[in-house]
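Quick notes on the structure that follows.
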C-alpha cells in the first residue's frame, strides 16, 4: 500500500501530527488485508464544507489520471507525479480539514449515521476503514453484496478493536410515506354543462359568466359525488376506444363543432382526462372526454 499526503501550508503544525504517524495509523487499519494494489491519497485542507472519502476500486486506475483536473479532489498547488506510482492500481481518496481544535467532533453522515470522533486521527481512521471496506469488497472479493451501512458497521468495529476513539450508531429511520395515488378528479374537471343546461345557454354562460354557470349547475346537479362517479365511468369507457373510432362532440363552448362527428386520433396517458381528436375540417384537438360520446346525440 502506498500512501501520499497532500497538505496545505502549516497543515502538520495545525494537526500536531507528522505524516509518518498518520501513515502508521492507516497501516494498522489495513493490517490483515492484501493491499499491494492499493494507493491512498489524503487531501488536507484548511476549511471545507465536505469531508469524507471515495474508493475508485471497481476498475484499475493509471498514473495519468492520478491527479484530478477539477472538483473537490483538484489540488490548488502543482505537485509532481510520485515516481513510485505503479502502472495500475486501485485508488482511495480522503479529504479532511487540518484542524485539531474541532475535536472531539460529532456529526451525522449522509447515510443517517451519527458519529463521534475523539481526535483527528480517530476521524481519519474511520474514513479510511470505511473506504477500505469497499476495496476489500470489490478488489478482494470480501463482504459480498454489502453497501454503505455495512461499510460503516465494519469501520466502527475495526476502529474500536484497535483502540480508536470512535462511536457510531445508525439513527432511527423515519417511516416512509406511502405514495399517494393520483388525485380524484373534481366536479369541475369532469363537468359537461350540457348535462344540466341547453347547449346554447351552457355555451353562452361558459364564455360570458363562469360564476352564473357554476351557480346554475350546482343547483341542478343535486348529488355531485354521484355525478363524478357517473362521469368517471363514462370517461373510463371512452378511454378504451381504439384510434380511428368515430365519436361525437356533446359540448363545444364555441358551438363550432356542437353535435359533430369526429375521429379519435389517440388516447392520452392517464391521469389526463382528454383525448386527441380530429374534426371534420382536419384540425387536431385535445378534447375533454366528458364532452365526447360514443353515439350520436339524441
Any hit, segment 171-180, residues being within 19 Å of residue 287 (Cβ to Cβ), modelled with pLDDT of 85 or more and in a loop (DSSP other than H, G, I, E, B): no
I'd like the full set of residues that are surrounded by fewer than 11 Cβ atoms within 10 Å (Cβ to Cβ) and touching a helix residue (DSSP H, G or I) at 6+ places or on another chain (Cβ under 7 Å), limited to segment 73-86. 81
Criterion (in a strand (DSSP E or B), out of contact with any helix residue (DSSP H, G or I) (no Cβ under 8 Å at 6 or more places or on another chain), in contact (Cβ under 8 Å) with a residue 12 or more places away in the chain and in the same structural domain as residue 48 (by TED's automatic domain parsing)) met by exactly one of 96, 91: 91
Conditions (1) touching a helix residue (DSSP H, G or I) at 6+ places or on another chain (Cβ under 9 Å); (2) outside the structural domain of residue 30 (by TED's automatic domain parsing); (3) on the phi > 0 side of the Ramachandran plot: number failed by residue 213: (3)
Residues within segment 256-285 that are surrounded by 15 or more Cβ atoms within 10 Å (Cβ to Cβ), assigned to a loop (DSSP other than H, G, I, E, B) and either in contact with a helix residue (DSSP H, G or I) (Cβ under 7 Å, 6 or more places away or on another chain) or on the phi > 0 side of the Ramachandran plot (or both), tallied: 3
Could you list, in sequence order, the residues of segment 58-87 that are under 22 Å from residue 136 (Cα atoms), touching a residue at least 40 places away in the same chain (Cβ under 8 Å) and outside any strand (DSSP E or B)? 85, 86
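The values are calculated or read from the model by the stated rules, or taken from the named source; none is laboratory data. As the structure is a computational prediction, the values presented were derived from the model and not from experiment. A quick note on method: Cβ atoms are made from the backbone with ideal geometry, for glycine too, and the neighbour counts reach across all protein chains shown.
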